[in-house]
1. Charges on Cβ only, +1 for Lys and Arg, -1 for Asp and Glu, centred on the Cα centroid of the chain; of Pro80, Thr185, Gly49, which one is farthest towards the dipole's positive end?
2. Per residue, how large is the accessible surface of segment 108-153? Use a 1.4 angstrom probe and give square angstrom.
3. Looking at segment 190-264, which chymotrypsin sites (Phe, Trp or Tyr not before Pro) are in a loop (DSSP not H, G, I, E or B) and have at most 12 other Cβ atoms within 10 Å?
4. Which distance in nm do the two modelled labels at Thr18 and Thr185 give, with both placed 7 Å along the Cα-to-Cβ direction?
5. Can you give the calculated 222 nm mean residue ellipticity of the chain, where each DSSP H run of n ≥ 4 adds -39,500 (n - 2.57) and the sum is split over every residue, rounded to the nearest 500 deg cm²/dmol?
6. Which one, Pro199, Leu139, His234, projects farthest toward the positive side of the charge dipole computed for segment 136-258 from Cβ point charges (K/R +1, D/E -1)?
7. So how much slack lies between Ser102 and Arg147, counting 0.36 nm per residue of separation and subtracting their Cα-Cα distance, in nm?
8. Considering only C-alpha atoms, what is the centroid distance from segment 193-264 to segment 99-177, in Å?
Amino acid sequence: MRLMLEPKAIGRTIVSVTMNRPEIIEHPDPSIFRDLCVGHPIVSMGRRGKYVSLELDSGDSIWFHLRMTGRMLSVPSDEPEQKHTHIIFRLDDGTDLRFTDSRRFGRFWLIRDEEEDTFTGMSRLGPEPLDGDITGQYLEERVGHCRRCVKSCLLDQSVVAGIGNIYADEILFGAGICPTRKADTLETGDWERISDLIPKVLGKGLSDDLESPEWYLSGREGDWEESPYVMYGHEGDPCPTCGTTILRTVISNRSSYFCPNCQR
Ligand SMILES: [Zn+2]
């Protein structure tokens with residue numbers, strides 16, 4: 001999302017902020033948030049885990065998290081508002097950055113230049129999955145003693161920042177490990193396979209996404225002809241490796257898909 005938005009956002013000045021749902025601004029007060037945004041050019045974008053930022057020339061940073069169903073779109077300002085449009089950043093080139101979110105779990109914060117961030121939750125994030133810091137040894141030391149299931153460990157953002165529900169299923173399928181398996185039953189080789197797959201699976205998702213930025217940014221609803229994921233959404237389909245029927249279970253209130261034959 002950051003890579004798709006960057007060419008639309010960088011160098012543009014925010015001319016107004018419309019808040020249809022001011023309650024999704026968590027910090028500071030929404031009217032202060034708006035005052036600190038308006039009139040300022042966006043000089044860069046950043047990302048940490050699943051948090052994304054718009055950096056302003058003032059040194060202040062707008063941070064946001066999409067949570068379950070949030071999307072940040074780039075559309076012409078004269079385009080009608082879609083349903084569930086909560087925040088509109090109007091830019092000086094006749095386009096908007098619009099935040100839409102049917103479930104309204106997404107949040108925004110503005111961190112002042114040199115303000116200590118005690119409110120976004122970013123200070124609790126683990127290492128980045130694409131920076132090469134996630135080794136088998138790291139995972140084993142960090143969660144190898146846990147009684148929790150291995151999938152919950154991978155979704156724990158303080159262990160690895162940025163792995164989501166769908167990607168956790170793809171990683172565990174690749175590693176041949178059942179998502180419900182207790183973490184303390186995994187062996188060193190299991191953690192090695194998982195750590196090898198984390199950047200591969202996330203990197204593939206990244207390149208797949210970047211093939212369709214216009215589709216994403218327009219905000220049209222995802223109408224997959226074919227799921228781009230091997231496991232996610234494939235309950236009842238044959239496993240691509242062995243043909244066994246893919247099962248669905250619920251872990252941490254989220255759907256999990258796995259092959260009962262390939263994943264032990
Ligand atoms: Zn299988």
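The values are calculated or read from the model by the stated rules, or taken from the named source; none is laboratory data. Since the model is a prediction, treat every value here as computed from it, not as a measurement. Using ideal geometry, Cβ is built from the backbone for each residue, glycine included, and neighbour counts are taken over all protein chains shown. The area values use the complete protein model at the heavy-atom level, side chains included, leaving out ligands, DNA and RNA. Shrake-Rupley method; radii C 1.70, N 1.55, O 1.52, S 1.80 Å.
1. Farthest towards the positive pole: Thr185.
2. Numbers: 2530 Å² over 46 residues.
The answer is 55 Å² per residue.
3. Values: sites: Trp191, Trp215, Tyr216, Trp224, Tyr229, Tyr232, Tyr257, Phe258; in loops: Trp224, Tyr229, Tyr232.
Sites meeting the loop and neighbour criteria: Trp224.
4. 5.4 nm
5. Working: 7 runs with 70 residues, N = 264.
Rounded to the nearest 500, the figure is -8000 deg cm²/dmol.
6. Leu139
7. On the way: separation 45, 0.36 × 45 = 16.20 nm, distance 3.46 nm.
Stretched fully, the Ser102-Arg147 segment lengthens by 12.7 nm.
8. The distance from the Cα centre of segment 193-264 to that of segment 99-177 comes to 17 Å.
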